[in-house]
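Reviewing the structure listed below.
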Amino acid sequence: MVHLGGMAVGGAGLVYTEMTNVSSEGRITPGCAGMYKQEHITAWKRIVEFVHGNSLAKFCMQLAHAGRKGSTKFPWNGEDAPLDEGNWPLLSASAIPYKPGNQRPKEMDRADMDKVQDDFVRATRMADEAGFDMIELHMAHGYLLSSFISPLSNTRADKYGGSLGNRLRFPIQILEAVRAVWPKRKPISCRISATDWVADGGLTGVDAVEVAKMLYAHGADIIDVSSGQTSPDADPVYGRMFQTHLSEQVRLEARVPTIAVGNITTPDQVNTIVAAGRADLVALARPHLTEPHFTLKAAAHYGYTLQNWPDQYLAGKAQAERQAEQEKFRLQELLLANKPQSHKNSIK
């Protein structure tokens, strides 16, 4: 309530629940959020109603199954490290552990696929009952649906392996089943890893364009373009806005709406990405952890007066706007002080 509600009243236009699991065995850790019990609807509905009652933000539930990256410790106790005890069985596209020392998953058979599909459909119905405005299917970062898409984790010899079209078959079946029960007026996003960041044999931006096209054709409204975390052998090229070029490639070549994400930290970066047509939306996670009111502060900085502020925050709005004006005045003074002087009168 505090974490997500704070971001909503802080001015964000769209708030994500982050990864919410469709079954107990689909969790990453024992502490992960879920949407598979009746009491989950009650708990989430309370937060949804707070967000809708105290902000103009829309609220998206990100639904997922951890696949071979499940049954692990809290990341601050050892990221991707298996539990010391109480492990549960894992499923994946193929029986390949995420990394040495991790549990070996079962290669899914058709019965497993039917069960997981039913779990996603149930969670989708529950998200609607709880009042969410949008859902996102997590098909990235090495989790279950991602493990089918990447050739590094999918070595199947049946119709769910081999070509990119075959590897997308099960994720598309999930998407179509979810789309059939999710209200038509509400959007669905799919998050993808646009590249595995592995030189030999991994997914590339070219593949991501085809993935986006197929997902869009089967019911996705927007593609959330992330990357990597599919293989411990990944060698990502980190840097400012390091995944934005992938969003741009997917948006321009697949001609589908995209969300850019990844080390985007300032309002200027956000505005530049959208204005340049590199993405339709921009997602920021870590900046909101240190500044839940990131958007309110940015609106004051730009003098955007139509930004919604809770009535209880209006005194802060006036102060933020004054501070923004003072910052602009100081910047103008600095620019004037450092303006190069003309030398024409001293040149003979």
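Side notes on the structure shown:
- Residues of segment 55-70 satisfying the condition of being farther than 24 Å from GLN307 by Cα and either over 15 Å from the mean Cα position of the chain (by Cα) or modelled with pLDDT under 95 (or both): GLY67, ARG68, LYS69, GLY70
- Between ALA57, ALA43, the distinction of being farther than 24 Å from ASP84 by Cβ, free of Cβ contacts under 8 Å to residues at least 24 places away in the same chain and of a type outside the set (S, T, N, Q) belongs to ALA43 only.
Listed here are the residues, each with its yes/no results for (1) part of a strand (DSSP E or B); (2) modelled with pLDDT of 95 or more; (3) touching a Pro at 6+ places or on another chain (Cβ under 6 Å); (4) over 20 Å from SER55 (Cα atoms).
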| site | (1), (2), (3), (4) |
| --- | --- |
| THR272 | no, yes, no, yes |
| ALA279 | no, yes, no, yes |
| LYS297 | no, no, no, no |
| ALA300 | no, no, no, no |
| LEU306 | no, no, no, no |
| GLN323 | no, no, no, yes |
| GLU327 | no, no, no, yes |
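- Sole exception among (1) closer than 22 Å to ALA81 by Cα; (2) of a type outside the set (A, V, I, L, M); (3) part of a loop (DSSP other than H, G, I, E, B); (4) in contact (Cβ under 8 Å) with a residue 40 or more places away in the chain for THR155, by number: (1)
- Residues in segment 167-201 that are outside any loop (DSSP other than H, G, I, E, B) and among the β-branched types (Val, Ile, Thr) were compared, and the one that is farthest from ILE149 (Cα to Cα) is VAL181.
- Residues of segment 62-82 that turn out to be of a type in the set (A, V, I, L, M, F, W, C), under 30 Å from PHE132 (Cβ atoms) and surrounded by fewer than 24 Cβ atoms within 10 Å (Cβ to Cβ), as a count: 2
- Selection within segment 33-50 - within 17 Å of VAL22 (Cβ to Cβ) and assigned to a helix (DSSP H, G or I): GLN38, GLU39, HIS40, ILE41, ALA43, TRP44
- ARG125 vs. criteria surrounded by fewer than 22 Cβ atoms within 10 Å (Cβ to Cβ) and in contact with a helix residue (DSSP H, G or I) (Cβ under 6 Å, 6 or more places away or on another chain): yes
- Candidate set: segment 9-33, residues that are of a type in the set (Gly, Ala, Ser) and in contact (Cβ under 8 Å) with a residue 60 or more places away in the chain; chosen: the one surrounded by the most Cβ atoms within 10 Å (Cβ to Cβ): GLY26
- Among residues of segment 85-98 that are in a loop (DSSP other than H, G, I, E, B), those with a beta-carbon under 7 Å from a residue that is modelled with pLDDT of 95 or more and hydrophobic (A, V, I, L, M, F, W, C) at least six positions away or on a different chain give the pairs ALA93/MET108; ALA93/PHE148.
- Residue count for segment 230-284, restricted to those that are free of Cβ contacts under 8 Å to residues at least 60 places away in the same chain, touching a Phe, Trp or Tyr at 6+ places or on another chain (Cβ under 8 Å) and of a type outside the set (S, T, N, Q): 9
- Criterion violated by VAL237 - all others in (1) hydrophobic (A, V, I, L, M, F, W, C); (2) at pLDDT below 95; (3) surrounded by 16 or more Cβ atoms within 10 Å (Cβ to Cβ) satisfied: (3)
- Some residue of segment 130-142 being surrounded by 22 or more Cβ atoms within 10 Å (Cβ to Cβ) and either in a helix (DSSP H, G or I) or touching an Asp or Glu at 6+ places or on another chain (Cβ under 8 Å) (or both): yes
- Meets criteria (modelled with pLDDT under 95, buried (at least 19 other Cβ atoms within 10 Å of the Cβ) and under 24 Å from ASN154 (Cβ atoms)) for ASN102: yes
The values are calculated or read from the model by the stated rules, or taken from the named source; none is laboratory data. Everything quoted here is computed from the prediction, not taken from an experiment. With ideal geometry, Cβ positions are generated from the backbone for all residues, glycine too; neighbour counts draw on all protein chains shown.
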